[in-house]
Amino acid sequence: MAIAPQGAPPGTPPNVSPVPLYPHNRVRRHLSELFRLSVPVVIARLGILIMAVVDTIIVGNYDSASLAYLNIAHAPFTSLMVTGIGLLTGVMILTSHSVGRDNLREAGQIWRACFPYALLIGVVFMILTWQSNWLFIVSGLSDDITFHSTRLAMILSIGMPAAMIYITCAFFLEGLQRPLPGMIMMISANVINLALDYTLVYGAFGFPELGAEGAAWTSTVIRWFMALCMLTYLLCMRGHADYGIRDGFSNWWRHSRNARHMGYAAGASQGMETGAFTAMQLFAGRLGVIAAASYGITMTMLALMFMVALGLASATSVRVGIAYGRRDRADMALAGWIGLLTTMAVMLVLSLPVYFFPGQVAQLFSQDATVIAMTAGLLILMPIIFPTDGGQNAAISALRGAGDKWVPTILHLVSYLCIMIPAGYYLTFVRGMGVAGLFWGIVIASLVAVSGLAIRFRIVSNRPIAAYQQ
């Protein structure tokens, strides 16, 4: 059944594009809504990485070798987790489309259909992470690194289903433009993580001294805490009956079809990107413990800032998706461009302290003079990497919000698999640039990605929006 778009005058035929909402001060409105929605999302996304940063700081000050083991163990786990996030992107985007059509029951059905799907993804990825040993062996890592990293990856894998549960619930709430619960949950989790990390890594307050394993167990426990709390909130939140949250999961596979198909493209895209970064982490592992530790610290800073971009990009996707749902093409295009340019500007500003004080930043993560010196030399590249990497994420999120699926995935394939990995390998091992060559490979790939995706959004945003059929 066709549905008349939200904001249309009475008697408007279904699927006829309405007069654009808010014709005056549209740029100001989009900026206001972007930051209103993105600030809680940024805090929630930052919280995910702040936990990793705390792990890196505590374990890095405990022992440089342990930090290298933990960084390598995180590589397959993070790659699969981010792939899962991509596979579940349809929850947020389709929920925002339903909000644009003012169809709350449809929004609730999206979550109920995708929750079992998220559990399935979590279990499959848990098994794959548990079996990371073969990846470390074929990558040519030393027996010592392989042994310790495998043990840590097995511990981390137990938290994979919890991560997928949390992401599904958070994406649903963000699609409803209700991101505050996720922000509050993440702040609480970080407070607990800091205390538990220190306790288990150093063996404080009578607990055993577990080193890097303590940080891995802390991450797993925190992920399950967050998942169960978020699920409880969703089931008990005010207005849950309007969305039919408790109506069960019958026919979930059929009802999740649209979200799954949208997520296949996003999951493939994010999986290829994080898989490419995993390959770069393993390249760093081949250079030795010092290089692996320095690469891990620099990537932690990049990932931390990327979460700011991811929050802005998620807000961009929701804003674009709502305009798409009510078939307002002009507003959709404006939302996308404002999201892209704002994200790049914010990321450039955030890169400046890292650029001007690289040594001081490196000292937060390690007391090893060699690690500090190598890391400081890598951090000066961040004013190039931060804006381009963040911008490509905002652009692809705008494309997802506009219903574009596979072309962004192909662009990611070209940028990160076909360009970044070969360029990083060539510059590192053939040209002898060491770990710096890996980051110059990232620079090249990010520039290609943001340029290609921006051009694609211009093409998509100039097309008429197709009619919606329920």
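Annotations for the structure displayed:
- Using a cutoff of 8 angstrom between alpha carbon atoms and counting only pairs six or more residues apart, the relative contact order for region 26-163 works out to 28 percent.
- Total charge dipole magnitude, the chain, about the Cα centre, Cβ charges on Lys, Arg, Asp, Glu only, Debye to nearest 20: 1720 debye
- Working from the Cα coordinates of the chain, the gyration tensor eigenvalues give, after taking √(5λ), semi-axes of 38, 25, 19 Å in decreasing order.
- At 1.567 mPa s and 4 °C, Stokes D of region 233-327 from Kirkwood alpha-carbon radius, µm² per second: 75 µm²/s
- Sequence-separation-based contact order of region 249-400, relative, with Cα cut under 8 Å and 6+ spacing, percent: 30 percent
- Förster radius 25 Å - calculated FRET efficiency between D143 and L417, Cβ distance, rounded to 0.05: 0.30
- Per residue, the chain exposes 38 Å² of solvent-accessible protein surface, assessed with a 1.4 angstrom probe and all protein chains in place.
- Stretch in the chain that is longest and holds no trypsin sites (Lys or Arg not before Pro) that DSSP places in a loop and that have at most 15 other beta carbons within 10 Å: 1-237
- Summed residue charge, Cβ within 14 Å of N251's Cβ, Lys/Arg positive, Asp/Glu negative: +3
- C-alpha long axis of helix 26-62 to longest principal axis of the chain, angle in °: 20 degrees
- Helix axis angle, 180-202 relative to the chain longest principal axis, alpha carbon, degrees: 10 degrees
- Computed over the chain, relative contact order equals 24 percent, with contacts defined as Cα pairs under 8 Å that lie 6+ residues apart.
- Here region 172-271 is treated with +1 on each Lys and Arg Cβ and -1 on each Asp and Glu Cβ, and its dipole about the Cα centre works out to around 520 debye.
- Computed from label points 7 Å out along Cα-Cβ, the spacing between R36 and L180 is 1.2 nm.
The values are calculated or read from the model by the stated rules, or taken from the named source; none is laboratory data. Because the structure is a prediction, the values reported are computed rather than measured. Heads up, the Cβs are rebuilt from the backbone with ideal geometry, glycines too, and the neighbour counts pull from every protein chain shown. For accessibility, only protein heavy atoms count, side chains too; no ligands or nucleic acids. Shrake-Rupley method; radii C 1.70, N 1.55, O 1.52, S 1.80 Å.
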